[in-house]
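Engineer: I have a structure I would like to understand better, so I am pasting it below and will then ask my questions one at a time.
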Amino acid sequence: MKILFIEDDAIETMKLQRTVAKLPVKPAIVEAKNGEEALHILKSGDDLPDVILLDLNMPKMSGIEFLTVLKADDVLKYLPTVILTTSENRADLLECYRIGIAGYVIKPLKYEDYESKIQKVLAYWSINEVVKG
């Protein structure tokens with residue numbers, strides 16, 4: 001499984017890497033610091049990720065702006081995108097689902113809870129059939 005992880009916070013990136021390192025089968029993770037970098041990665045090759053984990057609050061291009069561009073693309077719109085955020089803002093939640101996300105996960109404060117949520121998200125997407133191109 002290949003994951004595109006879009007996150008500008010180094011601590012959050014380390015948390016994901018630490019969580020993935022404990023998995024029996026480790027997915028490949030491609031990291032992007034913001035939406036612009038992620039779009040460049042997605043459009044530069046044909047080896048698309050199986051799932052995108054996306055933070056909402058980022059510099060240059062917010063998660064919602066990234067989603068809007070992603071879902072307007074005839075090929076990229078099929079990539080399942082799971083929001084991974086601290087935002088409990090209902091307007092953000094509704095807008096993300098309106099645009100077409102596959103899930104919305106609130107990052108918990110405790111690392112053990114974070115690890116549990118990430119493991120469940122990755123387990124689900126490792127068995128789910130996805131549309132590519």
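Taken together, the values in this text are just the output of simple stated rules run on the coordinates, not laboratory data. Small disclaimer: the values here were computed from a predicted structure and weren't measured. With ideal geometry, Cβ positions are generated from the backbone for all residues, glycine too; neighbour counts draw on all protein chains shown.
Engineer: Modelling each spin label as a point 7 Å along the Cα-to-Cβ direction, I'd like the Lys26/Lys2 distance in nm, to one decimal.
Structural biologist: Going from the Lys26 label point to the Lys2 one covers 1.8 nm.
Engineer: Can you give the calculated 222 nm mean residue ellipticity of the chain, where each DSSP H run of n ≥ 4 adds -39,500 (n - 2.57) and the sum is split over every residue, rounded to the nearest 500 deg cm²/dmol?
Structural biologist: It comes out at -13500 deg cm²/dmol, rounded to the nearest 500.
Engineer: Read phi for every residue in the stretch 104-117 and hand back ³J(HN,Hα) as whole Hz from Karplus 6.51 cos²θ - 1.76 cosθ + 1.60, θ = phi - 60°, with x for Gly and Pro.
Structural biologist: Result, ordered by residue: 9, 10, 7, 5, x, 6, 7, 4, 4, 5, 4, 4, 4, 5 Hz.
Engineer: List the residues whose amide H sits under 5 Å from the amide H of Met61, counting only those 5 or more places along or on another chain, with H placed 1.01 Å from N in the peptide plane.
Structural biologist: Gly35, Glu36
Engineer: Counting pairs of Cα atoms in the chain, how many percent are more than 24 Å apart?
Structural biologist: Within the chain, distances greater than 24 Å cover 21 percent of Cα pairs.
Engineer: Moving to a separate point now. Near the amide H of Ile29, under 5 Å away, which other amide H atoms are found, from residues 5 or more places off or on another chain, if H is placed in the peptide plane?
Structural biologist: Close amide H contacts, sequence-distant or interchain: Ile3.
Engineer: Place the peptides 79-89, 2-12 in order of packing, highest mean first, counting for every residue the other Cβ atoms within 10 Å and averaging per peptide.
Structural biologist: Taking the mean over residues of other Cβ atoms within 10 Å, the ranking is 79-89, 2-12.
Engineer: How high is the FRET efficiency from Ile127 to Glu65, r the C-beta distance, R0 25 Å, rounded to 0.05?
Structural biologist: With a Förster radius of 25 Å, E is 0.25.
Engineer: For the stretch 2-126, what is the relative contact order in percent, using Cα pairs closer than 8 Å and at least 6 residues apart in sequence?
Structural biologist: Answer for the stretch 2-126 is 25 percent.
Engineer: Once you place label points 7 Å from the Cα toward the Cβ at Ser44 and Asp73, how far apart are they in nm?
Structural biologist: Spacing of the two 7 Å Cα→Cβ label points: 1.2 nm.
Engineer: Considering only Glu95, Glu37, Glu112, give the residue with the highest GNM mean-square fluctuation for the chain, with springs between Cα atoms whenever their separation is below 10 Å.
Structural biologist: Glu112
Engineer: Name the residues of the stretch 7-41 whose amide N is less than 13 Å from a point 7 angstrom out from the Cα of Gln119 along the C-beta direction?
Structural biologist: 19-25
Engineer: Still on this structure, I have one more. Residues with amide H under 5 Å of Val51's amide H, sequence separation 5 or more or different chain, H placed in the peptide plane at 1.01 Å from N; which?
Structural biologist: Result for Val51 returns Lys2, Leu4.
Engineer: A further question follows. For Lys26, give me every one of the lysines with a C-alpha distance below 23 angstrom, ignoring sequence neighbours fewer than eight places off in its own chain.
Structural biologist: Lys26 reaches Lys2, Lys15, Lys107, Lys110, Lys117, Lys120, Lys132.
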